[in-house]
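First up is the structure itself, then whatever we jot down about it.
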Amino acid sequence: MEKYLLVAFVIFAFNLVPAFAPPTWSALVFFNFKYDLNPIFIILVGIIAAVVGRAGLFMIFRKFRRFLPPGYLANMAKLGHYLEESKRRFIGLLTLFFLSPLSSAQLFEAAALMNRMRLKPLLYAFATGRLFSYSFYVLGSNQLKSTSIGQIIEEQITSPIAILIQLLMIIEVVS
């Protein structure tokens, strides 16, 4: 049970961070390789934690809008109004949250800066999209675990040196 709580905490934290967090699917694959956990539970815990994290990110950005330039906020408000005044455009936006190759962090941040943007539909689209993507990655990695290729992958993604190198590269990008 405590390993699932660890998964939830890490995924929540990754999704609360506005930039430079690794993709959630990669953390779920890591936990799938590192621990003997039920892949279906990993997927469900991952989706719930990711949704709660993105909702938190949205709320944080909504709260701190007042620190942004008024002209920027006016443009974002116009964009939000433009997207929500037409069902087709709003469905297009939900499709973007469902399928987007873009980082969802920036999508949630932008949505939070739009005055009237509703959070629930975005979270539903996000959760549904993540159901498919997390299932693909976690169940795929689960199939690979028992093969020789899976053992090589496990050695590489769970290696402390590999994790340290990735952290150092993130620090370098930020600084």
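What number of residues within segment 99-129 satisfy the criterion of being of a type in the set (D, E, K, R), surrounded by 13 or more Cβ atoms within 10 Å (Cβ to Cβ) and at pLDDT 90 or above? Spell out how you get there, then give the answer.
To start, the set of residues in segment 99-129 that are of a type in the set (D, E, K, R) comprises 109, 116, 118, 120.
Among the residues that remain, those that are also surrounded by 13 or more Cβ atoms within 10 Å (Cβ to Cβ) are: 109.
Within this subset, residues satisfying the condition of being at pLDDT 90 or above are none.
So the count comes out to 0.
Scanning segment 146-175 for residues that are open to solvent by 90 Å² or more (accessible area, probe 1.4 Å), closer than 13 Å to PHE33 by Cβ and of a type in the set (D, E, K, R) turns up just one, GLU155.
For ILE43, the stated conditions do not hold, so it cannot be described as open to solvent by 70 Å² or more (accessible area, probe 1.4 Å), of a type outside the set (Phe, Trp, Tyr), assigned to a helix (DSSP H, G or I) and at pLDDT 95 or above. Kindly check whether there is at least one residue in segment 148-158 that is under 19 Å from THR24 (Cα atoms), more than 22 Å from the chain's Cα centre (by Cα) and part of a loop (DSSP other than H, G, I, E, B). No, the conditions are met nowhere in segment 148-158. Every condition in (1) under 15 Å from GLY56 (Cα atoms); (2) touching a helix residue (DSSP H, G or I) at 6+ places or on another chain (Cβ under 7 Å) holds for LEU94 except the one numbered (1).
The values are calculated or read from the model by the stated rules, or taken from the named source; none is laboratory data. Not measured: the values here are computed from a predicted model. Methodologically, a virtual Cβ is constructed for each residue, glycine included, from the backbone with ideal geometry; neighbour enumeration extends over all protein chains shown. Note: accessible area is taken over every heavy atom of the protein model, side chains too, but ligands, DNA and RNA are not part of it. Shrake-Rupley method; radii C 1.70, N 1.55, O 1.52, S 1.80 Å.
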